[in-house]
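Report on one structure; see the data block that follows.
The values are calculated or read from the model by the stated rules, or taken from the named source; none is laboratory data. Just so you know, these numbers come straight off a predicted model, no measurement behind them. Glycine gets a Cβ as well: all are built from the backbone with ideal geometry, and neighbour counts include every protein chain shown. These area figures cover heavy atoms from the full protein model, side chains too; ligands, DNA and RNA do not enter into them. Shrake-Rupley method; radii C 1.70, N 1.55, O 1.52, S 1.80 Å.
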Amino acid sequence: MVKDDCIFCKLANGVIPTASLYEDDTFRVILDANPASKGHALILPKHHYQDLCELDEAVGEKVLKVAAKIGKAMKEGLGCAGFNLVQNNGEAAGQTVMHFHMHVIPRYEGGSKMVTWESGKVSAEETERIVEAVTPRL
Ligand code: AMP
Ligand code: ZN
């Protein structure tokens, strides 16, 4: 299923042409228009899924294989020392385009650490409450 007004559906299916690193029956991998580093890429499924919670299981099983393939090619071809996989779900998590995508962000020696957060603290009681809130739903 594609969504008529979705920019990533159009990019993934070649309706809007763009530089592609990779394509198969399920995905197209494009370069991000506002790269966090040289080579920043986006893995886009050709079908429309809003986010990871909606993603077809079979598609989800394939996405990490594609990410590894792209990351290895970036290390060889661009000389990055590593790469981050980033996948935002929901506005609160920073998702701005509501079509599932996985960022592959090359990281270069001496470059800034781009995926960071402030480490917090958690009590034993809070840990217990979290486990009790989540596990019955799995
Ligand atoms: P997210 O914040 O995870 O939803 O990321 C959306 C990403 O899509 C951002 O990094 C944007 O720079 C990128 N983006 C948005 N529109 C385009 C486009 N037309 N072509 C390529 N990348 C895009
Ligand atoms: Zn879409």
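Points worth noting:
- Distance (nanometres) between label positions extended 7 Å along Cα→Cβ at residue 62 and residue 109: 3.7 nm
- Counting lysine pairs in region 27-138 whose alpha carbons fall under 20 angstrom apart, excluding pairs fewer than 8 residues apart on the same chain, gives 11.
- Each listed q (0.16, 0.24 Å⁻¹) maps to a log10 I(q)/I(0) for region 96-138, found by the Debye formula over equal Cα scatterers with no solvent: -0.83, -0.88.
- Heavy-atom accessible area, probed at 1.4 angstrom with all protein chains present, ranks 31, 42, 52 as 52, 31, 42, highest first.
- Comparing 2, 93, 45 along the charge dipole axis of the chain, the residue lying farthest to the positive side is 45, per the Cβ-charge model.
- Helical content alone sets the calculated 222 nm signal of the chain at -9000 deg cm²/dmol, taking -39,500 (n - 2.57) per DSSP H segment of four or more residues and averaging over every residue.
- For the pair region 50-87 and region 94-138, the centres of their Cα atoms are 17 angstrom apart.
- Helix 57-78 vs. the chain, principal-axis angle (Cα, 0 to 90°, nearest 10): 60 degrees
- Under 14 Å, Cβ to Cβ, from residue 62 - net charge with Lys/Arg +1 and Asp/Glu -1: -2
- Phi angles across region 34-42 convert, under the Karplus curve 6.51 cos²θ - 1.76 cosθ + 1.60 with θ = phi - 60°, into 3J(HN,Hα) values of 10, x, 6, 7, 5, x, 3, 10, 10 Hz, Gly and Pro given as x.
- Assigned charges on the beta-carbon of Lys, Arg, Asp, Glu; region 1-118 dipole about Cα centre (debye): 500 debye
- Extending 7 Å from the Cα toward the beta-carbon at both residue 117 and residue 4 defines two label points whose distance is 3.9 nm.
- Unit Cα scatterers, Debye sum, the chain: log10 I(q)/I(0) for q = 0.10, 0.11, 0.21 Å⁻¹: -0.41, -0.49, -1.27
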